[in-house]
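Below is one structure, written out as structure tokens; comments come after it.
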Amino acid sequence: MIAQTDPYVLFLDEINGSKHDVQKSFYSLILNQSIGSYTMPKGSIVIGAGNRSTDSAIVRPMSSALLNRLIHLHLQASPADWLVWAVANDIQ
């Protein structure tokens, strides 16, 4: 349920694995932070995640309308960096 009164993070996982009609439903949600008559509280954010086509995962093309509503970041995990962080934050 996304209808909340306090700011929150809405995480859309595998966004580029969804069918085109589902992706299309995210246009207003991502651009205007609203869906139907509901508007997300000020300070809320929408984050989407998905695989690359080279990951041998389910990936569907995203329309330019959806692509242009997003900032694209390519993240790479670093076990060495994570271990440094974990030690500094007493993660065991």
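Only the coordinates and a few stated rules stand behind these numbers; no lab work does. As the structure is a prediction and not an experimental result, all values here were calculated from the model. Don't worry about glycine lacking a Cβ; one is built from the backbone with ideal geometry, like all the others, and counts go over all protein chains shown.
Structure summary
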item	result
Furthest towards positive pole of dipole, Trp82, Leu29, Pro41, structure part the chain, Cβ charges	Leu29
Cα long-axis angle, helix 20-32 against the chain (0 to 90 degrees, to the nearest 10)	90
Spin-label pair Gln92/Thr39, simplified geometry with 7 Å Cα→Cβ offset, distance in nm	5.0
Value at 222 nm in deg cm²/dmol, rounded to 500, when DSSP H runs of n ≥ 4 in the chain each add -39,500 (n - 2.57)	-8500 deg cm²/dmol
Gained length - His20 relative to Leu70, 0.36 nm times residue gap less alpha-carbon distance	16.4 nm
Principal-axis tilt of helix 79-88 within the chain, Cα atoms, nearest 10 degrees	80
Likely footprinting exposure, Ser64, Ser28, fewest C-beta neighbours within 10 Å first	Ser64, Ser28
Cα centre as origin, Lys/Arg/Asp/Glu Cβ charges: the chain dipole, Debye	420
Residue-wise HN-Hα coupling along segment 43-51, computed from phi with Karplus coefficients 6.51, -1.76, 1.60 (Hz; x: Gly, Pro)	x, 6, 9, 10, 10, x, 9, x, 8
Among (1) 43, 26, 17; (2) 38, 36, 22; (3) 46, 37, 21, the entry that matches Cα extents along the principal axes in Å as calculated here	(3)
